[in-house]
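Worksheet for the structure shown next.
The values are calculated or read from the model by the stated rules, or taken from the named source; none is laboratory data. Just so it is clear, the structure is predicted and the values come from calculations on it, not from any experiment. When we count neighbours, we look across all protein chains shown, and the Cβ atoms used for this are built from the backbone with ideal geometry, even at glycine.
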Amino acid sequence: MAAILLDLQPGDEVIMPSFTFVSTANAFVLCGAVPVFVDVRQDTLNLDERLVEAAITSRTKAICVVHYAGVGCDMDAIMALAKAHGLFVVEDAAQAILSTYKNRPLGSIGHLAALSFHETKNVISGEGGALLINDERFIERAEVVRENGTNRSKFFRGQIDKYTWVDIGSSFLPSEIVAAFLAAQLEQAQAITARRLAIWDQYATWAASMQTQSHIRAPIIPADCGHNAHMFYLLLPSLERRTSFIAQLKERGIGAVFHYVPLHSSPAGCRYGRAHGDLAVTSDVSDRLVRLPLWIGLDEHMENVLAAASAALGA
Ligand SMILES: *Cc1c(COP(=O)(O)O)cnc(C)c1O
């Protein structure tokens, strides 16, 4: 919906990280736009705002940031760049519900933002998501696009006496059952976040105690970011060490998984997108990153998980 609302045309360019899920790119490619992949920062693994300006061309229309692991991008720098070059900013806030940047909720800063309620996220409805509109110019059209390109919402409000097809669109609506499930999840969102943060903090304390001997690196949270404990990851020293770490945990029945295969080196990424620069950080971290389990109910298994993780790190 964000890509449709920005009225992207074939050949328009959207700057985004390569270290992200395929949906970030697909949304724009479906409109014929070209993802331009820019490297991420070493610390947060978010789009490196210092590399964005050099990737801007006369075709650039938008910057799509991804708040990886629910940790905010440097939105002041991104918004300033967008303003200077007349670009839109879309926040992929799929992982970032209830996270903040300088005390502002992520998803409320760019012109448009998307949340995900996929079952792997903090607040879920199985499948689903939300478009957040922070620029009122988009509101009226968004209502049409989400209802198959019709003015049905206006009809239901009694503002017109019949509804008709007025624009492009699709059925972006959740079913009543899905929406009811989500409503209950949203009521519990603060409690869910608090429980996740408690687990995350245990991981962080453990990782700090392991850091020197096992050369691992835990997530870095910038001082102006409040995070939602969406994910706890480790960066191991090498791909080999990661492979053996995952295998050893698996032997003990613990699911630890790696994350994104960089989009700029994927078959569709090469076909539909363009890499800006060498994306060295992206390639490096995608080989070394492992995510530890983090779900409500893990609390009672933490001792076991940390013991297994320590053993797998050779400690
Ligand atoms: C989960 C995720 C998505 C996709 O969300 P869906 O609800 O499956 O469309 C997009 N981007 C990022 C960064 C994600 O983590």
Apart from one, (1) closer than 30 Å to GLY32 by Cα; (2) at pLDDT below 95 all hold for LEU279; the odd one out is (2)
Scanning the stretch 169-193 for residues that are surrounded by 12 or more Cβ atoms within 10 Å (Cβ to Cβ) and in a loop (DSSP other than H, G, I, E, B) gives GLY169, SER170, PHE172, LEU173, PRO174, GLN188
Checked pairs for the stretch 211-234, first over 22 Å from LEU298 (Cβ atoms), second at pLDDT below 95, C-beta under 7 Å and 6 or more apart or across chains, list as GLN213/ALA315
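Please pick out the residue among ARG146, ARG141 that is charged (D, E, K, R) and either under 23 Å from ILE221 (Cα atoms) or within 16 Å of the ligand (Cβ to nearest atom) (or both).
Result: ARG146 is the single residue among ARG146, ARG141 that is charged (D, E, K, R) and either under 23 Å from ILE221 (Cα atoms) or within 16 Å of the ligand (Cβ to nearest atom) (or both).
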Within the stretch 143-155, the residues that are outside any loop (DSSP other than H, G, I, E, B) and either buried (at least 17 other Cβ atoms within 10 Å of the Cβ) or under 34 Å from the mean Cα position of the chain (by Cα) (or both) are GLU143, VAL144, VAL145, GLU147, THR150, ARG152, SER153, LYS154
(message) Would you confirm, using the coordinates I've provided, whether GLN213 is modelled with pLDDT under 95 and either exposed (fewer than 12 other Cβ atoms within 10 Å of the Cβ) or under 24 Å from LEU5 (Cα atoms) (or both)?
(response) yes
Checked pairs for the stretch 92-120, first farther than 14 Å from THR24 by Cα and without any contact (Cβ under 8 Å) to a residue 24 or more places away in the chain, second assigned to a loop (DSSP other than H, G, I, E, B) and more than 9 Å from the ligand (Cβ to nearest atom), C-beta under 8 Å and 6 or more apart or across chains, list as PRO105/LEU98; PRO105/SER99; GLU119/GLY126
- Somewhere in the stretch 146-160, is a residue within 25 Å of GLY297 (Cβ to Cβ) and free of Cβ contacts under 8 Å to residues at least 60 places away in the same chain? no
Picked from the stretch 102-123 (must be of a type outside the set (A, V, I, L, M, F, W, C) and surrounded by 23 or more Cβ atoms within 10 Å (Cβ to Cβ)), the residue farthest from ARG59 (Cα to Cα) is ASN122
Only unsatisfied item for VAL89, checking (1) away from the ligand (no atom under 14 Å from the Cβ); (2) farther than 20 Å from ALA142 by Cβ; (3) touching a strand residue (DSSP E or B) at 6+ places or on another chain (Cβ under 7 Å), is (2)
Pairs returned, first residue in the stretch 15-40 that is of a type in the set (Asp, Glu), second residue that is surrounded by 24 or more Cβ atoms within 10 Å (Cβ to Cβ), beta-carbon separation under 6 angstrom, 6 or more apart or interchain, are ASP39/THR282
Filtering the stretch 100-123 down to residues that are part of a loop (DSSP other than H, G, I, E, B), more than 24 Å from LEU8 (Cβ to Cβ) and away from the ligand (no atom under 14 Å from the Cβ) yields LYS102, ASN103
Filter the stretch 282-297 for residues that are outside any helix (DSSP H, G or I) and of a type in the set (Val, Ile, Thr); the one that is modelled with the lowest pLDDT is ILE296
How many residues of the stretch 124-138 are surrounded by fewer than 14 Cβ atoms within 10 Å (Cβ to Cβ) and either assigned to a loop (DSSP other than H, G, I, E, B) or of a type in the set (S, T, N, Q) (or both)? The answer is 3
Residues in the stretch 14-67 that are part of a loop (DSSP other than H, G, I, E, B), within 15 Å of the ligand (Cβ to nearest atom) and in contact with an Asp or Glu (Cβ under 6 Å, 6 or more places away or on another chain) total 0
